[in-house]
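To start, the structure under review is shown below, and the notes come after it.
Quick note: the coordinates plus some simple rules give every number you see, no bench work behind them. Given the structure is predicted, the values throughout are model-derived calculations rather than measurements. Note that each Cβ is placed from the backbone with ideal geometry, even for glycine, and that neighbours are counted across all protein chains shown.
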Amino acid sequence: MSNMIDPLVERIGARVRVERERRRWTLAQLAEASGVSRAMIHRIERGESSPTAVVLGKLSGAFRISVSSLMALAEGAADQPADGPDGGPEEGTGDIAEWRDPATGYSRRQISGPRFPADIAEVRLPAGARIPYPAETFAFVRQMVWVLDGRLTFHEGDAVHELAAGHRLELDAPAPCTFVNDSAEECRYAVIRVRSEAP
């Protein structure tokens, strides 16, 4: 699997650089907007460091795009803007690249491509893992979480939702969200997002 992950990490870094440069931001400006250190962003952009899910959430929040959008764009053409037409295959022909959080073991497979009108991702959240995302990552999108296996505790602002296999939740207005697996077993869920407004 490592031969699939390393190229994806490199593409994620390239995507972060494209999103930063199209906004004409310096590394220092992105660091200030995201709360991620300039040195870490530099290593990510060069493909020298695999970002954690929390770091990806902070960077996506600074760009005001979802993590799913960032991942889908990384899978497509690295030089295409987030709000424009994207390249990439229209039809799946084999294994889907998987990204794994080096800190928690959380893994994510981007199911939909950048041309598809919805972001669809499959996530595996290990027992005991906790992944927070800032509200900004949910700007301009409608999102649904659908639990496929296991149990998920989902914090949406001040609300807490306990979800079991088969349960789904449509999110309201953007709020800080945290995905938590308090159980002893892995939780597998799908995240479906559609853009609701143009940024």
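A compact table of results
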read-out: Relative contact order (%) - segment 122-199, alpha-carbon pairs under 8 angstrom, separation at least six; value: 48
read-out: ³J(HN,Hα), Karplus 6.51/-1.76/1.60, whole Hz, each residue of segment 20-27, x for Gly, Pro; value: 5, 5, 5, 8, 6, 8, 7, 4
read-out: Simple label model, 7 Å out from Cα along Cβ direction - residue 28 to residue 118, nm; value: 4.4
read-out: Karplus-derived 3J(HN,Hα), 6.51/-1.76/1.60, for each residue of segment 128-133, Hz, glycine and proline x; value: x, 7, 9, 10, x, 10
read-out: Amide H partners (placed H, <5 Å) of residue 186, local residues excluded; value: 127
read-out: Largest to smallest principal axis extent of the C-alpha atoms in segment 135-199, angstrom; value: 39, 21, 14
read-out: At R0 = 25 Å, FRET efficiency that the Cβ-Cβ distance of residue 178 and residue 43 yields, to 0.05; value: 0.45
read-out: Residue 103 paired with residue 160, simple spin-label distance in nm, labels 7 Å along Cα-to-beta-carbon; value: 2.2
read-out: Distance (nanometres) between label positions extended 7 Å along Cα→Cβ at residue 135 and residue 170; value: 2.1
read-out: Amide proton proximity set for residue 115, modelled H, under 5 Å, gap of 5+; value: none
read-out: In Hz, Karplus ³J(HN,Hα) per residue of segment 166-181 (6.51, -1.76, 1.60; θ = phi - 60°; x = Gly, Pro); value: x, 6, 9, 9, 9, 7, 8, 4, x, 8, x, 10, 9, 9, 10, 10
read-out: Mean Cβ count within 10 Å, highest first, over the residues of peptides 128-138, 30-40, 7-17, 164-174; value: 7-17, 128-138, 30-40, 164-174
